[in-house]
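*Asks:* I have a structure I would like to understand better, so I am pasting it below and will then ask my questions one at a time.
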Amino acid sequence: MPIESTVYHVLLAMPSEIDAERQAAKDVLLDWNASTGRQQNIHLAPVDANHVDVSRSDLADDIDIVLGAFWTTVGDGPTGGASLADTVKRLAIEDDLPAMIGFSERDIPTNQLDPDQYERLQDFRDECRATGYFTYVDRAEFEQQLSNALARTMDQLLSPSEARSDSADDHDGPSEYDPEVDHERLQLSAAMHREQDERNIDRIVERLQENGIKPPYSVLDAGCGYGTVTQSRFGNDDRFDVVAIDEAEDILEVAKDRYSASNIQYRWLDVNNLDKADLGTFDIVFASYLFHHIANQESVLSLLWEHVRDDGVLAVRSCEDGQHMHYPPEDEMDWIVEKTDEIPGSSDRSHGRRLPTHLKRLSPPPADVWLDLKNYHTVGRDSGERRDYWDVFHSNRLHYAKVRAERDDATREDKQLYETMADRMDRLEDKIIGNEHVFDGKSVPLAVAVK
């Protein structure tokens, strides 16, 4: 029996040199149709850019989503017409259609590289910071990155009464994190990570000195929040001259009042708009627990890299659940970690594993990249220290379920999830804090790229 469906037309804009990605994209769309779309009578229909007139001024009327992938060329059209990159730019940036754009990082044979084409492609990639993009090296990574981007895009397109993706990887930003309810925990977190940060800042200073850069070192702290980390790492230290930025104006007022220092200037600025602020370049660009809360992670990373001076450094501390350890085995802990990842709008707790690779893929390529992976755990800790550990690494997992349960459009499932999660977390908190035989461990990655 025929069934009525809502059809979204997805333009596949990919030069002929990456035919494998075109087929992979079609497979990803088919998988979404089968796993999610069928349940909601929604169908994603691929439209190959090679089979339409991409120069049409009204093309946006027939396209709902733009999917582009590029390697070495912009995909010039016939007889000097609009390139595929131009088409993606027009639809995604000028017409503001939802877009998923990937750039291949696989090696380029020297006999295949057209310098003019590649330069134009890099200019286009810089312009794509406005929409966000992802990078990949092979088909498997392309499919994974595209699947995550597609799940996020469809969640944004569909109303709450329609489909929401349940993809466990669909939480890479922007998250629904609210720092206004998290000040005390952020103070604990700043204290807990201090040794790791200071160890790497000392190494960074040594590297700057080796490169002939003298203090005071200019520092950009991107996503500074309350300034708890900013002040404790750089404040009142005549080696540093700091500009700290955040998009939350109310929180910056707290930073100016409680975490001020003679060498710190707090500024209200969204990191996505950094290129419009005319701040220049810095010896050190630092970001602490920023990237797992934002969308467009790779494009923002590229933007920060642009604000690192030659011989300067970019240092990023992030979040990673993949190396979480717990013993004795606890089904409730496994369930909490899994559900945290699945809740739409939650922070991206798998960003840490991608961070070193994303740094390696920056342009121009870093002269050096190092990773400090520090383990934090409950062994040998008294009950007060174990409580601090719980508060820093686990207590905020409930926040995202609470946000969804308190929405006006919350479903019965949203409310049930919050109630169940709250009960289980109460029991886990008692076990971790009150039982010295319970082991819990987390690894925190801090990665540094030298320009």
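Each value in this text was obtained by applying a stated rule to the coordinates, not by laboratory testing. The shown structure was predicted, so the numbers you read here are calculated from the model rather than taken from an experiment. Here the Cβ is made from the backbone with ideal geometry for all residues, glycine too, and neighbour counts use every protein chain on show.
*Asks:* For segment 298-392, compute Rg over Rh where Rg is the Cα radius of gyration and Rh is the Kirkwood radius from the inverse mean 1/r over Cα pairs.
*Replies:* 1.06
*Asks:* To continue, here is another question. What lysines does LYS360 reach when the alpha-carbon gap must be under 19 Å and sequence neighbours fewer than 8 apart in one chain are set aside?
*Replies:* Filter leaves LYS451.
*Asks:* Counting only DSSP beta bridges with both residues in the chain, tell me the antiparallel percent, nearest 5.
*Replies:* Beta bridges within the chain, antiparallel portion: roughly 30 percent.
*Asks:* Which of LEU121, GLN39, VAL74 sits closest to the plus end of the dipole of segment 6-157, meaning its Cα is farthest towards the positive end, when Lys and Arg get +1 and Asp and Glu get -1 on the C-beta?
*Replies:* It is GLN39.
*Asks:* What's the FRET efficiency of GLN112 with GLN156 using the Cβ-Cβ distance as r and R₀ = 41 Å, to the nearest 0.05?
*Replies:* 0.70
*Asks:* So what is the diffusion coefficient of segment 231-388 in µm² per second by Stokes-Einstein at 10 °C and 1.306 mPa s, using a Kirkwood Rh over Cα pairs?
*Replies:* This corresponds to a translational diffusion coefficient of 87 µm²/s.
*Asks:* What's the long-distance tail for segment 57-158, i.e. % of Cα pairs beyond 16 Å?
*Replies:* 59 percent
*Asks:* Also, I was wondering about something else. What percentage of all Cα-Cα pairs in segment 1-113 are separated by more than 19 Å?
*Replies:* So the pairs more than 19 Å apart make up 48 percent of the total in segment 1-113.
*Asks:* With viscosity set to 0.890 mPa s and temperature to 25 °C, compute the Stokes-Einstein D of segment 320-374, Rh being the Kirkwood radius across alpha carbon pairs; µm²/s, no decimals.
*Replies:* 181 µm²/s
*Asks:* Computed FRET efficiency, Cβ-Cβ of ASP430 and ALA20, R0 45 Å: what is it to the nearest 0.05?
*Replies:* The formula returns an efficiency of 0.30 here.
*Asks:* So who's got an amide H within less than 5 Å of the one on CYS224, skipping anything under 5 residues away but keeping other chains? H placed 1.01 Å off N, in plane.
*Replies:* Correct list: ILE245, ASP246.
*Asks:* Taking all pairs of different Cα atoms in segment 351-400, averaging 1/r and flipping that mean, what Kirkwood radius in angstroms comes out?
*Replies:* Kirkwood radius, segment 351-400: 13.9 Å.
*Asks:* I would also like to ask the following. Of LYS256/LYS374; LYS374/LYS402; LYS26/LYS89, which pairs sit farther than 23 Å apart, going by alpha carbon to alpha carbon?
*Replies:* Pairs exceeding the cut-off: LYS256/LYS374; LYS374/LYS402.
*Asks:* Whole number please: convex hull volume per residue, Cα atoms of the chain, in Å³.
*Replies:* So the per-residue hull volume is 165 Å³.
*Asks:* Please report, in debye to the nearest 20, how large the charge dipole of the chain is about its Cα centre when each Lys and Arg carries +1 at its beta carbon and each Asp and Glu carries -1 there.
*Replies:* For this selection, approximately 860 debye.
*Asks:* Right, next: Which residues' amide hydrogens lie under 5 Å from the amide hydrogen of VAL47, considering only partners 5 or more residues apart or on another chain, with H built in the peptide plane?
*Replies:* Counting only residues 5 or more places away or on other chains, the set is VAL10, LEU11, LEU12.
*Asks:* So if I take the centroid of the Cα atoms in segment 264-342 and the same for segment 220-262, what is the distance between those two points in Å?
*Replies:* 16 Å
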